[in-house]
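Trainee: One structure coming up, written as structure tokens, with questions to follow.
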Ligand SMILES: [Zn+2]
């Protein structure tokens, strides 16, 4: 999910009508499409697909919702129309769009249009343009167009500009991305703990995955699936310190969030994971408190999904997030594991153990 989709998903959760004219969303489980603000039941994130226009949703075979009537324009607001048109222009144009001229042509000041754009789309014009270009690059790279060609086609102008601005968002340099992370070395190690086998993997930049499970083979297979063409090599020696910290974290005695990380996620997920890494050992937060600290107090469900998508157990201590009523909520690696981790941390903080 990119930042724009994230913003839209949060709008859907909050039934935010102010952005209703800027997109529609389809719900694959029902075959229906809606506008943001629809009073019907909130869909599950995994069933939601975004469309720029009602026509595109209809083309994809979805039917308009009877409650929010997405096929009808919400309210004639020329300001919204201009913003939506600018989105299309940014998506279609392979050259930089002259926003000042565009604004003037539509009877707005550039400043006003840019501000309106950020309000309605969730990111500034420049960011949207980059996301549109990134998506174009991703599509081209997947279809195995030569990297330099893909970059020029996407409007970056030169590969230098792309490496400076675009590569960070793809999570790895494009030459590796185009062949599924071949050449990226991912080192892993595993350790047996009272809570099961812990497998940790790292790139040269930091820890990229930590999994807890029953056996090493399954966990390593999982990593292989996740980093399909990276060379995945055992590196018990290189990762000795990491293993040592993780063993301590399982006992509730060490805080693994001090380890360097190299995680891939959307800007929103990264923000949630970063907030999580600042929750001290032995403390817990509720999902709503976490949402508040993330700066999106109403996006509790989105925050919970970001926790569930955490790729690095312990290092991103999502086990420290519990429900308001004190029950544990969910945990990707099992509720018993979560309960035991919290118990161990509490014991450490209380000084119960030597
Ligand atoms: Zn609806």
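The values are calculated or read from the model by the stated rules, or taken from the named source; none is laboratory data. Predicted model, so just to flag it, every value in this text is computed and none were measured. No Cβ is skipped: glycine too gets one built from the backbone with ideal geometry, and neighbour counts run over all protein chains shown.
Trainee: If a residue has to be part of a loop (DSSP other than H, G, I, E, B) and over 17 Å from the mean Cα position of the chain (by Cα) to count, how many in segment 278-297 make the cut?
Mentor: Count: 8.
Trainee: Which residue out of 19, 49 is within 15 Å of the ligand (Cβ to nearest atom) and touching a strand residue (DSSP E or B) at 6+ places or on another chain (Cβ under 6 Å)?
Mentor: Details: 19 fails: touching a strand residue (DSSP E or B) at 6+ places or on another chain (Cβ under 6 Å).
Result of the check over 19, 49: 49.
Trainee: Which of the residues belonging to segment 96-117 are touching a helix residue (DSSP H, G or I) at 6+ places or on another chain (Cβ under 8 Å), over 12 Å from residue 80 (Cβ atoms) and assigned to a helix (DSSP H, G or I)?
Mentor: 99, 100, 102, 103, 104, 110, 112, 114
Trainee: Same structure again: Please indicate, with yes or no, whether at least one residue in segment 32-40 is in the same structural domain as residue 9 (by TED's automatic domain parsing), touching a helix residue (DSSP H, G or I) at 6+ places or on another chain (Cβ under 8 Å) and on the phi > 0 side of the Ramachandran plot.
Mentor: Yes, the conditions are met somewhere in segment 32-40.
Trainee: Hey, can you tell me all the residues within segment 1-24 that are closer than 19 Å to residue 71 by Cα and either under 23 Å from the mean Cα position of the chain (by Cα) or assigned to a helix (DSSP H, G or I) (or both)?
Mentor: 8, 11, 12, 15, 16, 17, 18, 19, 20, 22, 23, 24
Trainee: Kindly indicate which of 277, 320 is within 16 Å of residue 258 (Cβ to Cβ) and surrounded by 20 or more Cβ atoms within 10 Å (Cβ to Cβ).
Mentor: 320
Trainee: Still on this structure, please answer the following. Which one is nearest to the chain's Cα centre (by Cα) among residues in segment 25-40 that are surrounded by fewer than 23 Cβ atoms within 10 Å (Cβ to Cβ) and near the ligand (Cβ under 9 Å from one of its atoms)?
Mentor: 27
Trainee: Would segment 67-83 turn up any residue that is at pLDDT 90 or above and either away from the ligand (no atom under 16 Å from the Cβ) or exposed (fewer than 13 other Cβ atoms within 10 Å of the Cβ) (or both)?
Mentor: No; the residues of segment 67-83 include none that is at pLDDT 90 or above and either away from the ligand (no atom under 16 Å from the Cβ) or exposed (fewer than 13 other Cβ atoms within 10 Å of the Cβ) (or both).
Trainee: In this structure, does residue 8 turn out to be outside the structural domain of residue 288 (by TED's automatic domain parsing) and within 11 Å of the ligand (Cβ to nearest atom)?
Mentor: So residue 8 does not fit the description; no.
Trainee: Please enumerate the residues belonging to segment 210-263 that are within 21 Å of the chain's Cα centre (by Cα), outside any helix (DSSP H, G or I) and surrounded by fewer than 15 Cβ atoms within 10 Å (Cβ to Cβ).
Mentor: 228, 260
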